[in-house]
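The values are calculated or read from the model by the stated rules, or taken from the named source; none is laboratory data. Here the structure is a predicted model, which is why all the values come from computation and not from measurement. FYI the Cβ positions are ideal-geometry reconstructions off the backbone, even for glycines, and counts take in every protein chain you see. The accessibility values were calculated without ligands, DNA or RNA, using every heavy atom of the protein model including side chains. Shrake-Rupley method; radii C 1.70, N 1.55, O 1.52, S 1.80 Å.
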Amino acid sequence: MIATRETVSAAPAAQGPQETFVLNLGPQHPAAHGVLRVLMTMEGEWIQRAEPVIGYIHRMHEKMGENRTWAKFLPNTSRIDYLSAMHYTHAFVGAVERAMKIEVPLRAEYARVITSELNRISSHMVWWGALLLDLGGFTPILYAFDDREKILDLLEGLCGARLTYCYYRFGGLYNDVDDEFLRGTRDFVQHLRPRLKMYRDLVTDNVILRKRLTNIGPIDAEMCRRYGATGPVIRGAGVPYDVRRMEPYSVYPRLDFKVPMYPECDSMARYLVRMDEMEQSLRIIEQALDQIPTGPFLAPKVPRVLRLPAGDYSYAVEAARGRFMVRIVSDGKEIPYRVRLRAPSFSNLSLYEEASRGMILPDALAMMGSLDLVIPDIDR
Amino acid sequence: MTFLSLEPIRVLLYLVGICAFVGANAAYLVLAERKGAGRIQRRPGPNEAGWAGWMQPLADGLKLLAKQIMVPPGTDSLLFRLAPLLVMAPPLMCLVTIPFGENVVARDLNLGLLLVFSFGSINVMALMLGGWASRNKYAIISAARVVSQNVAYEIPMLLVVITLLMMTGTMSLQEITAQQAGGFWHWNLFKLWVNPLMPVTFVIFFTCMLAETNRAPFDMAEAESELVAGAFTEYGGMGFGVFFMAEYANIVVGCCLATVLFLGGWQSPIGILSSGAWGLLWFFLKTYALILTVIWIRWTFPRTQFYSLLNLSWKILIPLSLATLLLTGAMMKLPLLWRALS
Amino acid sequence: MNPTLDQLIAQFTELIGPEAFAAAAAPAVPPSPPAATAVGTTGASPAAGGGVPVAAAKPAPAPAAPPPPLQATQHALKGYDLDARVAPNQVVDAARLLDRAGFAIDAVTGVDWLAQEEMEIVYDYFHPSQSLRMVVRTRVPRAAPELPSISGVFPGANWHERETHDFFGIRFAGHPNLKPFLLPEDANFHPLRKDYTP
């Protein structure tokens, strides 16, 4: 349409001097990491309001939980956040063990810690590469995947899966950790230390990266609290909240590690938290490798068909993205009455609308990258 | 060699030559870029089509040609189709005055530099038209970015070029090259006795060149993680292909120009062996070294923010280039003043 | 900002009110009180984090006597430290109380008790700087499941409540935007209701 005097004067003047438009970012957008859609009301490149629209890969895991046995639901849990499957199965297995009062052998607990921390590192590596992709740096993701491949190989040797591990069982593990795995993990720890230093030299200290993340996307402790944001988001806001410390589970109390915490509240703080977490995970793995005892890897006499005592039980773990809690309600039958999955990405994204207000588009996307979203985790 | 002096044949030869040069460069720079990216990212890069992937550009080109060019409904279809042509034409025109060798230049205009910059500015308009005509929000944001980015970077670039013009006293690129004869210490880049800030000037020029050609870390126009594909979002098939080729053609022009202005053009770095084919060799060596640097930068750095990009131009590059301009003027005129006084 | 368990128990005892405790105590003493010790109106609280672990062996589906409205539970057994049962109109007050105490919203969810014709809404809270977990639960009649929204207190509850509305059809009065969230835009079914058939 050609803008004539008539069409221009007929344009609605009631909207006032500001002209806004709605940018429908996603569900197929390179920065959306899957199928996240954000309805952005923009004024130029400035965001007035960004409303995430989710549910595009909603699979109703919670309903699936209500029509299969406890054991049959176990593989589902590794498909919620496919990047930290170990933690999610750990939470579900832990909840059932808590209800059944199953004593897990010490060797299994140590193996769980080792595999969980390996999984945390591999998850953070995907985040690291993807964040740099969001920022327009293409190379780091291939370096990260190079190292991540080694973790996947190790875990594949244990349980056959490379991504959606279902390695934990009620009362222990699917099979024992063999010497090959333990040796390989020790080698990997030695391998990754210098690589993390290289990551720091190559990317973390890059001036463009610093400029793009420092003072961008402030999320303070109060906002985290009101929205229930956890994981590196709350630790990047100066709160040393870590489920491994606050609600200790498995053998984490026996291990010495720091909870990385940065008080800056910006995207760079969240970035640095995750980078430090990889180093702490290496420390945990090393200690666990030194301490792992010999013995059984599965608790004896775990019934084949589980009937959980009636009541509700919850179990929280520190997944790569934050607090993951499973709340199960049992009515004494062999299938769950209710399974509630509290996903960290869900809460972490829910603050996006408030946090992104008034930001410029590229910064808002950088902030989204620093939240480390996994869309299946949000949609469940 | 008399037939070369026949004007129509000469024109025809250079026309074909330049088109072929741009085409081959665009095609094989994509391959070089992908191979370079592969090298940087510790992977082989394209290696299936032909020997070590050498037929890859052909495969890509055929694929793009075979695709239908969709014109989305509601767009300004004339401008939508015109934009790729407009973006491709300026680099071709710019190459007319670039001296590749001692005698290899299509037209040695005495206002060559002016021609290069006036055609170079059309590029912006073409991208803006493409973005506007696409009737897509990402494309329009990108178009707005392209305009403000190019305005911001045109200024320091031209200020730097004026500095050079003050030193050379001519706009003919062949003459500028001729002045840099006799070894690399005679190149404009190293003429520190005329202007000690000359290397800084070169860095400003190179940065502006990156920004003008919308290359990483200044690829605001495409910014695929923010704006999907920016101004090219709605383009498919060869429409997109031409934009892509134009990007590389612009890089070639920019690097050729940097070579001529700062690195002595076809002059040998050692002072001898500059004539004939040797000149061509030196010219292309320098140009491709610059192009590989451009590729290297792209695969190493993340993208800058849009406002820090503008800040860089308005707050750092423009004052700096103004300072070099003043300094050069002072350095050139002070001896005269000295002589007049004494 | 870092309340002890005893302080929380006292505050919740006040919030819930003595009538509820009396009502819970009235219908005969349950043969084996589930989960943990009851906290009497007198404030005679057990040791923090204590409680008697009895939860396990209770075969009946739970139609027995209602448990006391405030229980201190063992974290190792249940995964939380304090379990409060409040009236539907008290959830906002409970949220305010916990907000003042520095708690963070963990999750909001529902449970459909088809047999009792009731819907249970469970609010999980965690404390960001303390090892303390709190569960607030309430029940509404299944025929008209409606209760006030706590999204004014904890904006993070906004999404959880939308999700609960999606899955259970529970209406949260005062919620700013109670449209389908994880389900399709035109969804008019509530899949986690026990009588839902696809």
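As an exercise: evaluate A:THR294 against (1) polar (S, T, N, Q); (2) at pLDDT below 90; (3) assigned to a helix (DSSP H, G or I) and give the number of the one condition it does not meet. Only one criterion is unmet by A:THR294, namely (3). Those residues that are buried (at least 23 other Cβ atoms within 10 Å of the Cβ) and within 9 Å of chain A (Cβ to nearest Cβ), I need them from segment C:111-121; list them, please. Passing the criteria: only C:ASP112. On inspection, A:TYR82 passes the criterion of being aromatic (Phe, Trp, Tyr) and surrounded by fewer than 24 Cβ atoms within 10 Å (Cβ to Cβ). The condition of being open to solvent by 20 Å² or more (accessible area, probe 1.4 Å), more than 10 Å from chain C (Cβ to nearest Cβ), free of Cβ contacts under 8 Å to residues at least 60 places away in the same chain and assigned to a loop (DSSP other than H, G, I, E, B) does not hold for A:LYS333. Of the residues B:ASN110, B:ASN103, the single one that is over 25 Å from B:MET157 (Cβ atoms), assigned to a loop (DSSP other than H, G, I, E, B) and open to solvent by 70 Å² or more (accessible area, probe 1.4 Å) is B:ASN103. Which condition number does B:LYS286 fail, the rest of (1) within 14 Å of chain A (Cβ to nearest Cβ); (2) within 22 Å of the chain's Cα centre (by Cα); (3) charged (D, E, K, R) being met? Failing condition for B:LYS286: (1). From the set of residues in segment C:149-175 that are aliphatic (A, V, I, L, M) and facing chain A (nearest Cβ under 9 Å), which is farthest from A:GLU66 (Cα to Cα)? Looking at the filtered set, the residue picked out is C:VAL153.
When you look at C:LEU178, is it within 8 Å of chain A (Cβ to nearest Cβ), open to solvent by 10 Å² or more (accessible area, probe 1.4 Å), over 25 Å from C:GLY79 (Cα atoms) and not acidic (Asp, Glu), yes or no? It is false that C:LEU178 is within 8 Å of chain A (Cβ to nearest Cβ), open to solvent by 10 Å² or more (accessible area, probe 1.4 Å), over 25 Å from C:GLY79 (Cα atoms) and not acidic (Asp, Glu). So which residues in segment A:77-89 are modelled with pLDDT of 90 or more and either within 9 Å of A:PHE324 (Cβ to Cβ) or not assigned by TED's automatic domain parsing to the domain that holds A:ASN119 (or both)? Within segment A:77-89, A:HIS87, A:TYR88 meet the criteria. The test for being more than 11 Å from chain A (Cβ to nearest Cβ) and surrounded by 19 or more Cβ atoms within 10 Å (Cβ to Cβ) does not hold for C:ILE105.
Each residue in segment B:35-71 was checked for being in a helix (DSSP H, G or I), buried (at least 17 other Cβ atoms within 10 Å of the Cβ) and of a type in the set (A, V, I, L, M), and 3 pass.
Residues of segment B:132-155 that are away from chain A (no Cβ under 14 Å) and either open to solvent by 20 Å² or more (accessible area, probe 1.4 Å) or under 23 Å from B:THR304 (Cα atoms) (or both): B:ASN150, B:VAL151, B:ALA152, B:TYR153, B:GLU154, B:ILE155.
Considering only segment B:113-123, how many residues are at pLDDT 85 or above and crowded, with 22+ Cβ neighbours inside 10 Å? Total meeting the criteria: 2.
Condition check for B:LEU115 on (1) within 19 Å of the chain's Cα centre (by Cα); (2) outside any helix (DSSP H, G or I): one failure, at (2). Taken over segment A:154-171, residues that are more than 15 Å from A:TYR82 (Cβ to Cβ), of a type outside the set (A, V, I, L, M, F, W, C) and out of contact with any Lys or Arg (no Cβ under 8 Å at 6 or more places or on another chain) amount to 4.
Here A:ILE285 fulfils each of the conditions (1) assigned to a helix (DSSP H, G or I); (2) surrounded by fewer than 24 Cβ atoms within 10 Å (Cβ to Cβ) apart from (2). Which of the residues that make up segment C:124-148 are within 11 Å of chain A (Cβ to nearest Cβ) and part of a strand (DSSP E or B)? The answer is C:ASP124, C:TYR125, C:PHE126, C:ARG133, C:VAL135, C:ARG137. Of all the numbered requirements in (1) within 11 Å of another protein chain (Cβ to nearest Cβ); (2) surrounded by fewer than 21 Cβ atoms within 10 Å (Cβ to Cβ); (3) part of a helix (DSSP H, G or I); (4) not aromatic (Phe, Trp, Tyr), C:ASN89 misses one, and that requirement is (1). Restricting attention to segment B:272-288, which residues are open to solvent by less than 10 Å² (accessible area, probe 1.4 Å) and either without any contact (Cβ under 8 Å) to a residue 24 or more places away in the chain or in contact with a Phe, Trp or Tyr (Cβ under 7 Å, 6 or more places away or on another chain) (or both)? Correct list: B:GLY279, B:PHE283. When segment A:337-359 is filtered for residues that are polar (S, T, N, Q) and either under 12 Å from the mean Cα position of the chain (by Cα) or part of a helix (DSSP H, G or I) (or both), the ones remaining, listed by number, are A:SER345, A:SER347, A:ASN348, A:SER350.
Those strands (runs of 3 or more DSSP E) of segment A:14-129 in which 3 or more residues are under 30 Å from A:ARG200 (Cα atoms), free of Cβ contacts under 8 Å to residues at least 24 places away in the same chain and more than 14 Å from chain C (Cβ to nearest Cβ) are absent. Please verify whether A:GLY369 is open to solvent by 10 Å² or more (accessible area, probe 1.4 Å) and facing another protein chain (nearest Cβ under 9 Å), treating the condition exactly as stated. No: the conditions fail for A:GLY369. A single entry from A:LEU351, A:LEU341 fulfils the requirement of being surrounded by fewer than 22 Cβ atoms within 10 Å (Cβ to Cβ) and either touching a Leu at 6+ places or on another chain (Cβ under 7 Å) or at the interface with chain C (Cβ under 10 Å from one of its Cβ atoms) (or both): A:LEU351. Of a type in the set (Gly, Ala, Ser) and in a loop (DSSP other than H, G, I, E, B) - does that describe any residue in segment B:85-97? Among the residues of segment B:85-97, not one is of a type in the set (Gly, Ala, Ser) and in a loop (DSSP other than H, G, I, E, B), which makes the answer no.
Being closer than 29 Å to C:MET134 by Cα, open to solvent by less than 60 Å² (accessible area, probe 1.4 Å), modelled with pLDDT of 90 or more and not in a helix (DSSP H, G or I) is a property that A:TYR249 lacks.
Considering only segment C:165-173, I want to know if a residue exists there that is open to solvent by 10 Å² or more (accessible area, probe 1.4 Å) and in a loop (DSSP other than H, G, I, E, B). No, the conditions are met nowhere in segment C:165-173.
Could you please let me know if A:GLU222 is open to solvent by 70 Å² or more (accessible area, probe 1.4 Å) and out of contact with any Asp or Glu (no Cβ under 6 Å at 6 or more places or on another chain)? Yes.
No other residue among B:PRO199, B:PRO269 is farther than 25 Å from B:CYS19 by Cα and without any contact (Cβ under 8 Å) to a residue 24 or more places away in the chain apart from B:PRO199.
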